[in-house]
Amino acid sequence: MTTRIRTVPNVAAVIATVFLALPPPAASAHQHRATAPAPCVGGERERPGVSAVDDGEIRWTENTRYDGPRKHALKAWQFSGATIELRPDSAATVNDLEFRDYDGGRGDRAPVAQYVRDSGTAATDHIKFNRDKMDGRSLEFQNSAAAHELGHALGLCHKPDRALSLMWTDIASPPIITPQAVDKANYRRLWS
């Protein structure tokens, strides 16, 4: 039997040559256009008049034990490109929004948290955390609830399940804790 020596081409060189000979991959539609806003569910509408925004800002106060989730929500909605300022209230400003707690029960129909709009002149809207549903939950769950309700205070509605969104009607598992691309698109449509 004769032994032959067979030379094997440098595999890396062959792969590189083939790769360079191929045309560049087409950019996806997602890379060429921004994410489109998503529609509301259940007949809801997005408009500035259903928000806590006053003159391009929300001045807030807090009376809540959920300080971490409140801070998280405020930071989450101050993403790059956000136009609405979220600032603490002062003696010289009108309080637009108050974070507060309440005992709302544990039943299936009891909300974890809620945004309550007060349409009166110089009235204060509220984000209310249901202690009975918030206590004992993970920080991510609490952060999701707080950021979701602040989204409502910014005028955003609930989004359908087909769009990955912080503004779903239910808290996801695992929780979505920051505005997603579709949430930012709806925000921009409302506040740009």
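The values are calculated or read from the model by the stated rules, or taken from the named source; none is laboratory data. Source: prediction; values computed, not measured. With ideal geometry, Cβ positions are generated from the backbone for all residues, glycine too; neighbour counts draw on all protein chains shown.
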All conditions in (1) surrounded by 15 or more Cβ atoms within 10 Å (Cβ to Cβ); (2) in contact (Cβ under 8 Å) with a residue 60 or more places away in the chain; (3) within 23 Å of G49 (Cα to Cα) are true of M134 except (3)
Exception for Y187 within (1) out of contact with any Gly (no Cβ under 7 Å at 6 or more places or on another chain); (2) surrounded by fewer than 19 Cβ atoms within 10 Å (Cβ to Cβ); (3) closer than 22 Å to K75 by Cβ falls at (2)
Y66: at pLDDT 95 or above and more than 23 Å from the chain's Cα centre (by Cα), yes or no? no
The number of residues in the stretch 166-184 that are part of a loop (DSSP other than H, G, I, E, B) and crowded, with 24+ Cβ neighbours inside 10 Å is 3
Of (1) modelled with pLDDT of 95 or more; (2) more than 17 Å from the chain's Cα centre (by Cα), E85 satisfies every one except (2)
Selection over the stretch 42-89 where residues are assigned to a loop (DSSP other than H, G, I, E, B) and under 18 Å from S144 (Cβ atoms) yields a count of 6
